[in-house]
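These notes are about the structure you will find just below.
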Amino acid sequence: MSALRFEHVSVRYGSHRSGLTAVDDATLTVPSGSVVGLVGESGSGKSTLARAAIGLAPISEGAITLDGADVRSFRRRRPIQMVFQDPFSSLDPRMTIGESIAEALPRDLRGGRARRAEVARLLDLVSLDADRAEALPAALSGGQRQRIALARALAARPEVVIADEITSALDVSVQGSVLNLVRELRAELDLTMLFISHNLSVVRYLSDHIAVMYLGRIVEVGPTAQVLADPQHPYTRELLQAAPTRHGDLLAVDPVAPVAVEPADPHAPPSGCRFHPRCPIGPVARPDRQICVLSEPTRPTGPVGAACHFAGSVPPPQSAVLLSVTATTPPATAADTLN
């Protein structure tokens, strides 16, 4: 496995006057053999950054490299594979499951007995019976289709797997089983993975490191335990306070009240720190902190950091994180919520 690096990546659509910068100068490293959780609310640029890595979104500036090689140089071989959010549209309804998986196999395994054996092995790897190879996607549930999508991604023998909100379209009752499968595959295959989600409870369960995005920019990065126990950026704190668990919020104490303001228009982002109109420790609450309006904070370019002029100025919660980041059970299910 190799490290995937995003180096000052920007993705823009349209013209400079009426266009949209979906990703703005993002720098992030997914270390070899690690899982990096990329979190943020809808529209923050998470999926766009992932699509840029596999060539489905244009890279306007910067570079994305895998083991030092620019991903745009890969033509026939695709060492980065992506599992998409919607399991119902990611499979061709006219192809059998076996055909969909076999299509991604290396050329030396695309014929006859070797191909059938490899398809059966991949189905077993995602805990499905080999006879599912003859079924059409319409005969499968959402959870089973997402397992097939994982098997197809692994069929290409990738160096990096990108999982984009792979449980958000599933019933709550099957989300835990899919997350358990991802965790088992990661341990068995030593996967390098970029795991995208808006749910920090899910990211906590799977990831070694966390990166937080807001309005196209990465605003905080760090080891999972560190970010959850002592978040330095106020936006990260808001995400933590919004994450439901069977015990309540992931943070036991809310020392600052959130500002009731809608997210900014990504076509016309605020000056300075993009989070300042919503920030509970910024100029809305503290008029003396006009630096947040006038100056953009330094964005993290290393493995740890937060893009905030007053990072760490809010004291950490007294009881830190209620759920251990090394927990062996997946995030709360529907039954947990009811209980």
Collect the residues in the stretch 191-206 that are farther than 15 Å from residue 4 by Cα and polar (S, T, N, Q), keeping them in residue-number order. 197, 199, 201
Exception for residue 90 within (1) modelled with pLDDT under 90; (2) outside any loop (DSSP other than H, G, I, E, B); (3) surrounded by 14 or more Cβ atoms within 10 Å (Cβ to Cβ) falls at (2)
Select from the stretch 187-211 the residues that are more than 13 Å from the chain's Cα centre (by Cα) and either hydrophobic (A, V, I, L, M, F, W, C) or crowded, with 20+ Cβ neighbours inside 10 Å (or both) and list them in ascending order. 187, 189, 191
From the residues in the stretch 67-87 that are among the polar types (S, T, N, Q) and surrounded by 17 or more Cβ atoms within 10 Å (Cβ to Cβ), which one is nearest to the chain's Cα centre (by Cα)? 85
Check the stretch 22-40 and report whether any residue there is among the polar types (S, T, N, Q) and over 22 Å from residue 227 (Cβ atoms). no
With respect to residue 278, is the statement that it is at pLDDT 85 or above, within 23 Å of residue 218 (Cβ to Cβ), of a type in the set (Lys, Arg) and more than 20 Å from the chain's Cα centre (by Cα) true? yes
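So, residue 49, is that one in a helix (DSSP H, G or I) and crowded, with 22+ Cβ neighbours inside 10 Å or not?
yes
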If we ask which residues in the stretch 37-73 are in contact with a Lys or Arg (Cβ under 9 Å, 6 or more places away or on another chain) and among the basic types (Lys, Arg), their number turns out to be 0
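Just to be sure I understand, how many residues within the stretch 123-146 are closer than 16 Å to residue 87 by Cβ and touching a residue at least 12 places away in the same chain (Cβ under 8 Å)? Please lay out each step first, then the result.
From the stretch 123-146, those closer than 16 Å to residue 87 by Cβ are 123, 126-128, 132, 135-146; that's our starting set.
Next, only the ones that are touching a residue at least 12 places away in the same chain (Cβ under 8 Å) stay: 123, 126-128, 132, 135-138, 140-146.
The number of residues fulfilling the criteria is 16.
The values are calculated or read from the model by the stated rules, or taken from the named source; none is laboratory data. All of these numbers come straight from a predicted model, not from anything done at the bench. Positions of Cβ are generated from backbone atoms using ideal geometry, with glycine treated the same way; all protein chains shown enter the neighbour counts.
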